[in-house]
Amino acid sequence: MNAKPKKTAEEMREYKLNWYHENKTLSGTHSNQNTGKTHCMHGHEFTEENTILKTQRGKEHRVCKICNRRDARVMSEFLRKNLDKLDPVRREKYLKRKRKGQLKRIGWTPERFDAVFAEQDEKCCICGKVLNREKDHNHAVAHADHEHSDPPKPRGILCGNCNLGIGNLQENVEIMKAAISYVEKWSNLGA
């Protein structure tokens, strides 16, 4: 067994101090042992396109974009599953922020959604089903409907079935009229 003898605490302090002075650049900042590495710990190369600089505890370091995205995805998944257990107040804020972003992408604001929801007496614009704000298994959750244009234009609040129906019929009035006449034709034949 050819192991190196362990250094004492004093020898280790001297070794670190010497290493610091040897690796100190002329600019006054010093590099760390990872500065010369060409790949991240998962084997992704540090290229200009694949590298970002992050500041952590006041120190700047390189991070592989691929690993950073994966870490963000893992953390997001962890928070989604565990945030209510860890901190219910923080989870509530997280859900409000997430909902605000979802509404913003389709041309709504939380205030406008609340106003329209109250104006419609918490019912679907098309079928009149009573809606709720929480996720539910019976499609009775309120969906903010919007015209698929750029920018998106808010229309009304629908139940899940009506929202899916409009989407599946491609928001095309002619297709919807054809679907109505088709259903009427077959309902009259069966009577």
*asked:* Looking at the stretch 130-148, can you tell me whether even one residue there is surrounded by fewer than 12 Cβ atoms within 10 Å (Cβ to Cβ), more than 19 Å from the chain's Cα centre (by Cα) and among the hydrophobic types (A, V, I, L, M, F, W, C)?
replied: yes
*E134 is checked against (1) over 30 Å from N161 (Cα atoms); (2) in a loop (DSSP other than H, G, I, E, B) and fails just one. What number does that condition carry?*
(1)
*Among the residues of the stretch 159-178, which ones are surrounded by 15 or more Cβ atoms within 10 Å (Cβ to Cβ) and either of a type in the set (S, T, N, Q) or modelled with pLDDT of 95 or more (or both)?*
N161, N163
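Of all the residues that make up the stretch 36-61, how many are assigned to a loop (DSSP other than H, G, I, E, B) and surrounded by 10 or more Cβ atoms within 10 Å (Cβ to Cβ)?
Residues in the stretch 36-61 being assigned to a loop (DSSP other than H, G, I, E, B) and surrounded by 10 or more Cβ atoms within 10 Å (Cβ to Cβ): 6 in total.
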_Set K85, K153, K129: member being in contact with a Gly (Cβ under 6 Å, 6 or more places away or on another chain) and either at pLDDT below 90 or under 21 Å from E171 (Cα atoms) (or both)_ = K153
*Being under 25 Å from T38 (Cβ atoms) and polar (S, T, N, Q) is the filter here, so list the residues in the stretch 51-80 that pass it.*
T51, T55, Q56, N68
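The values are calculated or read from the model by the stated rules, or taken from the named source; none is laboratory data. The model shown is predicted, which means the values in this text are computed figures rather than measured ones. Glycine gets a Cβ as well: all are built from the backbone with ideal geometry, and neighbour counts include every protein chain shown.
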